[in-house]
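K.L.:
Dropping the structure in here first, questions after.
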Amino acid sequence: MTETGSAKTIIAEDIEIEGTITCASDIQFDGKLTGDLECSGNAIIGNKSIIKGNISVESITIMGKIDGNIDASDRIEMKSTTRLTGDIKAKRLTVEDGVTFVGKSEVNPTGSATQKPASIPNTQGSADAEKTAENNSDKQKNMFGKK
């Protein structure tokens, strides 16, 4: 699907919908939606579109305003006019310069759940740490001509 649209479903910018949109094919959305968008295909969100709700798609190209979370099974592409407030999750992510994005992102090409890395133990003993701190303090005093 391209930005010019080979989408099977096109919702024009003068359309306002309240509720959930569910589609099995590609969609180009240019209107206003208060509710969720669930699409097993790809989605293009036009630059005049406003969505207040969560989105679940295969891939999505965003040019408009979204206030909600996005879960894409493949790719999220944010064009420069994108205004997104919400969390995103995808295998791949593209962000153009100029995007406003406030939220958390989880991008994992393998698609598997991420695990937090194990904490790294402190290998420096407390006596060594104190000695290093003293040496650093002495160096700072010498740098500024104080003894």
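K.L.:
Quick query: amide H of Lys52 versus all other amide H atoms, modeled in the peptide plane; which residues come in under 5 Å with a sequence gap of 5 or more or a different chain?
P.N.:
Leu33, Thr34, Gly35, Asp67
K.L.:
Oh, and also: With labels modelled as points extended 7 Å from the Cα through the Cβ direction, what inter-label distance (nm, one decimal) is found for Thr20 paired with Thr85?
P.N.:
If labels sit at Thr20 and Thr85, their model points lie 2.4 nm apart.
K.L.:
On the Cα set of the range 23-74, report Rg and Dmax in Å, please.
P.N.:
For the range 23-74, the Cα radius of gyration and maximum Cα-Cα distance read 9.5, 25 Å.
K.L.:
To check my understanding: the extent here is largest minus smallest coordinate of the Cα atoms along each principal axis. What are those three numbers for the range 9-110, in Å, largest first?
P.N.:
So the three principal-axis extents are 34, 28, 17 Å.
Values quoted throughout were computed directly from the atomic coordinates according to the rules given, and no laboratory measurement underlies them. What you see is a predicted model; the values in this text were computed from it and never measured. All Cβ positions, glycine included, derive from the backbone under ideal geometry; neighbour counts span all protein chains shown.
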